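Engineer: Sharing a structure below in structure tokens format, with a few things to ask.
Read the figures in this text as sums done on the coordinates, not as results from a lab. Fair warning: this is a prediction, and the values are worked out from it, not measured in the lab.
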Amino acid sequence: MQSLQQKASEWSGVSKDDAFAIDAADLFHTLGLQTFVTLSTNFYNRVYDDDEEWFRSIFGNSEKEKAIQNQYEFLVQRMGGPPLCSQRKGHPALIARHRPFPLTHEAAERWLHHMGQALESTSAIDDDSKIKLTNFFRHTAYFLVAGVELKDQNHHTPCKDAALKQHPCKNF
């Protein structure tokens, strides 16, 4: 059975090494906080104005300003900055946080379309950083699709004693 990372690489066309080149790049210090705020704002302005109702509806229960904040705090933390996301919301747990949403290949491509446009319109992001971010976003989008599909396949009704058992938090 393929790991989620392997499936994400297969579906995204981005190797794990290319996806995680961000780790050596220190993009937070290269780009700064305001760049991630701008990127997230540009992204969510596009998402909330999307022509496709099915895609807009994925975000229908979220306030745009909160979505922007959640994304830039995650990105700042993931790109080497302060742990804003963890301080406010705990471990990012991307799969768990995205599980309620209908994450499909089509939704991932639509999300990536808007993120690509947001990257292009955020002038403070240099070309090398855009490539690294694009690879990270593409791989991560399909990592989430794979994670949600796997959880859906394994979803079953827990036994009556399951609520009494404590399950350790697992990192993916």
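Engineer: Roughly speaking, what is the stretch gain from TYR48 to LYS64, that is 0.36 nm per residue apart minus the C-alpha to C-alpha distance, in nm to one decimal?
Structural biologist: Extra length from TYR48 to LYS64 when fully extended: 5.0 nm.
Engineer: For ASP50, enumerate residues with amide H under 5 Å from its amide H, sequence gap 5+ or separate chain, H modeled in the peptide plane.
Structural biologist: Excluding prolines and chain starts, which carry no amide H, there are no hits.
Engineer: Let me ask something else. Taking 0.36 nm per residue of separation and subtracting the Cα-Cα distance, what length does fully extending LYS16 through HIS29 add?
Structural biologist: 2.4 nm
Engineer: How long is the gain from SER57 to ASP128 if the chain were fully straight, where each residue apart is worth 0.36 nm and the alpha carbon distance is subtracted?
Structural biologist: Stretched out fully, the SER57 to ASP128 stretch lengthens by 22.2 nm.
Engineer: Using a/c under 1.5 as the rounded threshold, could you call the stretch 11-76 rounded, prolate or oblate? The axes a ≥ b ≥ c are square roots of the C-alpha gyration tensor eigenvalues, and prolate needs a/b larger than b/c, oblate otherwise.
Structural biologist: oblate
Engineer: Whole-Hz ³J(HN,Hα) for each residue in the stretch 106-121, computed from phi via Karplus 6.51 cos²θ - 1.76 cosθ + 1.60 with θ = phi - 60°, x for glycine and proline: what do you get?
Structural biologist: Coupling constants for the stretch 106-121: 4, 5, 4, 5, 5, 4, 5, 4, 5, 5, x, 5, 5, 4, 5, 8 Hz.
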